[in-house]
Structures are given as structure tokens and as C-alpha cells.
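S.K.: Can you keep this structure in mind? I'll have questions shortly.
Each value in this text was obtained by applying a stated rule to the coordinates, not by laboratory testing. Here the structure is a predicted model, which means the values were calculated and not measured. Here the Cβ positions follow ideal geometry from the backbone for every residue, glycine too, while neighbour counts run over all protein chains shown.
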Amino acid sequence: MEKREQLYEGKAKKVFATDDPNLVIVSYKDDATAFDGLKKGTITGKGSINNRMTNFLMKKLEAAGVPTHLVEELSDRDTLVKKVSIVPLEVIIRNVSAGSFSKKYGVPEGIVFDAPTIEFSYKNDDLHDPLLNAYHAVALKLATWEEIELIKKYAFAVNDFLKAEMLACGVTLVDFKLEFGKTAEGQIVLADEISPDTCRFWDVKTNEKLDKDRFRRDLGNVEGAYHEMMKRLGLAE
Ligand code: TMP
């Protein structure tokens, strides 16, 4: 499948048309941003790592019963996916306090929750992705109640799978962000990516951060952390 015209360029990926109106190609970039694009940089090799890690995990999620947009990995950075309209909600699951949760509620990072939490934010950089609840999302016509129920079910299923998968390679799944899309037939599927850009991964023993927080917080060895996650998953030497 060949890339045709560019349909969209986001902060971390580009999307290209194909000759099939129901399929598009996502192309992962090395560009990294934080704080709604305010901080900009490059993480060398990130595009390839995030592409391969996302596809590896989405394949397993499909097998575990979570529908995804994945069709076929085309190359290091490019993947053929179903064309979807993205539901403009960022769906965040947390198992351990960190990041904006710690800041907002005034608690230290690292508190292990008895049960995971879920939250939604409105995917809108100009508004700084404001937090909203399901009633707000329905009022704003971002999704229907039925779609939100399905998204919640899939998000918790992703958490169950991903938590176990990470624990098996010595990584604590602290939190992560998912995005869902709607296909031409109206099916809700997992879209976007699952990578160190969109998850917090901590080493089980040392709590060393193995994710994009190293870039957000200028902790150094950003590339090393992404590569370490690939090694842990058996996707690199
Ligand atoms: P937060 O603690 O900053 O709200 O982030 C929660 C999770 O969501 C964390 O794993 C990082 C991820 N995330 C994104 O993927 N994109 C974003 O724009 C933000 C703010 C967080």
C-alpha cells in the first residue's frame, strides 16, 4: 500500500491517504513535545520505537478482545490502519499516583491505588485538554453514552492486559492515555499509540522512569529509556 497525500500532521505522527478510502498510513516522527507543544525537541529513534511497540501491543490486545485500528506494519515508522474519526477524548487510566494527579490533589508520586482510576479530558490543545466527565462529554456531543460505556470497558481491559505484560518484564504500569476512533461502520476501536510517549513506565525495583517524563522533566538519557523498554519487551537487543 502506497502513501498518497498527507491528510494530517500531529505532534508525533503524520497521517497519509492510501488508494483505499477506508485505510490510512500513520507515520511516526522523532519529534517530541510537552506542555501542549510549548516544549519541543527530538528523541532520536522514537518514531520507530513507538511504531513497533504500539503494533506489538495492539496485536496482543486484538487477541485479548480489544478491537484496534491496526491493519499491518509497513516499515520501521509506517503502519497501515483503519481510517477512523478520533473521538476527541483522552482516556487516562492510573494505577499509581503521578504527574497531574499528584499535582492536582497534592499527593506524592508513587501511591499504589487499590483499584485503577479513569478520567477523560477533552482533546483540545488550545483549551489545554480540560478534564471533563461523561456528562460533559455527552453534552458536548463528543461521544454517546453507549460509546463512553464501551470506551470504559476497553480502557480497563487494556489496563488489565498491559499491567500484566509490563510486570512480566519488570515494569510498573503507572498510568497511560488512550484514544479511540470510530470506523466508517461506526465501530469503536482503539487508535493512536501505546508507547513511552503515552504511558508512565517505572522499573519495578528502582522506580527509575522509563518513559517520556525523562524528556518532560529534563532527566537525561531519554533515548536510553525508550530503548530499554524495547529490550524489556523483547523487541531489541
Ligand atoms: P498526566 O499525569 O500528565 O495527566 O498524564 C497521564 C498519562 O497520560 C501519562 O502516562 C502521560 C499521558 N499523557 C499523554 O499521553 N499525552 C498528554 O498530552 C498528557 C498530558 C499525558
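S.K.: Label 7 Å along Cα→Cβ of residue 187; region 25-49 residues with amide nitrogen under 18 Å?
M.R.: In region 25-49, the label zone of residue 187 (backbone N under 18 Å from the point 7 Å along Cα→Cβ) covers 25.
S.K.: Also, quick follow-up: Any idea how far apart residue 205 and residue 59 come out in nm if each label point goes 7 Å out from Cα toward Cβ?
M.R.: 2.9
S.K.: Let me ask something additional. May I ask you to derive the relative contact order of the chain, considering only C-alpha pairs under 8 Å and at least 6 residues apart, and to give it as an integer percent?
M.R.: Averaging sequence separation for qualifying contacts and normalising by length gives 17 percent for the chain.
S.K.: Going by a ≥ b ≥ c, the root eigenvalues of the Cα gyration tensor, does region 1-77 fall in the rounded group (a/c under 1.5), the prolate group (a/b larger than b/c) or the oblate group?
M.R.: Because a/c hits 1.5 or more and a/b fails to exceed b/c, region 1-77 counts as oblate.
S.K.: Grab the beta carbon distance between residue 35 and residue 235, set R0 = 35 Å, and tell me the FRET efficiency rounded to 0.05.
M.R.: 0.75
S.K.: Turning to a different aspect of this structure: Per residue of the chain, what 222 nm ellipticity follows from adding -39500 (n - 2.57) for every DSSP H run with n ≥ 4, rounded to the nearest 500?
M.R.: Helix-only estimate at 222 nm: -9000 deg cm²/dmol.
S.K.: Would you mind computing, in nm to one decimal, how far apart the modelled labels at residue 8 and residue 76 are, each placed 7 Å from Cα along Cα→Cβ?
M.R.: If labels sit at residue 8 and residue 76, their model points lie 2.6 nm apart.
S.K.: Then there is this: Quick one: net charge of residue 2's neighbours, Cβ under 14 Å, K/R +1, D/E -1?
M.R.: Taking every other residue near residue 2 into account, the sum is -3.
S.K.: If I take R0 = 22 Å and measure r between the Cβ atoms of residue 131 and residue 216 in this structure, what FRET efficiency does the formula 1/(1 + (r/R0)^6) give, to the nearest 0.05?
M.R.: 0.75
S.K.: Apply the a/c threshold of 1.5 to the C-alpha gyration tensor of region 25-116 and tell me whether it is rounded, prolate or oblate.
M.R.: Oblate is the answer for region 25-116, as a/c is 1.5 or above yet b/c matches or exceeds a/b.
S.K.: Then there's this: Using 0.36 nm per residue of separation minus the Cα-Cα distance, give me the extension gain between residue 141 and residue 15 in nm, one decimal.
M.R.: Length gained, residue 141 through residue 15: 42.9 nm.
S.K.: Also: Filter the GluC sites (Glu not before Pro) in region 171-224 down to the DSSP loop ones having no more than 11 other Cβ atoms within 10 Å, then list what survives.
M.R.: Answer in residue order: 185.
S.K.: Same structure again: What is the chain by shape, rounded, prolate or oblate, if you read a ≥ b ≥ c off the alpha carbon gyration tensor as root eigenvalues and call it rounded for a/c under 1.5, prolate for a/b larger than b/c, and oblate otherwise?
M.R.: Verdict is rounded for the chain.
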